[in-house]
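Written below as structure tokens is the structure these notes are about.
The values are calculated or read from the model by the stated rules, or taken from the named source; none is laboratory data. Everything numeric here is computed off the predicted structure, so don't read it as measured data. We place every Cβ from the backbone using ideal geometry, glycine too, and count neighbours over all the protein chains shown. Heads up: the accessible areas ignore ligands, DNA and RNA and are worked out on the full protein's heavy atoms, side chains in. Shrake-Rupley method; radii C 1.70, N 1.55, O 1.52, S 1.80 Å.
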Amino acid sequence: MGEGQRHVDVRLPEGSWWDWEVITWDAGEFRLAAGYDLTYHHGLELVFGDPVFVSCPAMFHDPDFRVPTEEERARISRQLGEDPPVLVAFDADAGGREPVPCVIAAERFEIVPGTVLRYWRDDAAPGQRFAPWVRPPA
């Protein structure tokens with residue numbers, strides 16, 4: 001791995017992290033949500049601060065996190081003109097015949113556990129987190 005670049009050894013907390021989807025993607029943040037069924041809530045988020053390269057499907061299942069290949073590292077460094085501080089790689093089931101290789105490069109990385117509701121509840125506990133699109137009824 002190049003100087004300044006670090007592969008992140010992603011260790012997920014105990015839980016059923018089968019379903020995954022992108023919930024935020026802008027210049028400042030790329031955020032993946034995970035759970036066993038994303039209909040009403042999710043229980044885990046992977047947050048990539050200041051993403052500089054993202055290659056993954058919008059929705060996928062059962063990712064297998066791994067060390068980036070030499071080819072992936074070299075390609076990302078060549079495209080960016082430098083080694084990114086964070087590089088995460090995984091293979092995921094996106095519904096095809098073969099797993100999809102995915103790579104994300106960013107400035108920062110954080111694993112955020114905790115239930116995030118995907119619908120409005122008036123009786124939510126203080127401090128309860130809601131998905132970015134959830135708003136109180138008008």
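General observations
- Cut-off of 10 Å, at most 12 other beta carbons, DSSP loop: longest stretch of the chain lacking such GluC sites (Glu not before Pro): 15-138
- Taking label positions 7 Å along the Cα-Cβ direction at both residue 12 and residue 135, the computed distance is 3.2 nm, reported to one decimal.
- Summarising the overall dimensions of the stretch 1-118 from its C-alpha atoms, the Rg and Dmax are 13.9, 42 angstrom.
- Candidates per chymotrypsin sites (Phe, Trp or Tyr not before Pro) in the stretch 1-97, loop by DSSP, up to 16 other Cβ within 10 Å: 18, 36, 40
- Degrees between helix 70-80 axis and first principal axis of the chain (Cα, 0 to 90, nearest 10): 80
- Heavy-atom surface of the chain, accessible at 1.4 Å and reported per residue (Å²): 57
- Take the Cβ atoms of residue 26 and residue 111, set R0 to 22 Å, and the FRET efficiency comes out at 0.65.
- Accessible carbon and sulfur surface of the stretch 1-130 relative to its total accessible area, %, 1.4 Å: 49
- Longest stretch of the chain clear of exposed loop sites (trypsin sites (Lys or Arg not before Pro), DSSP loop, at most 15 other Cβ atoms within 10 Å, sites excluded): 12-96.
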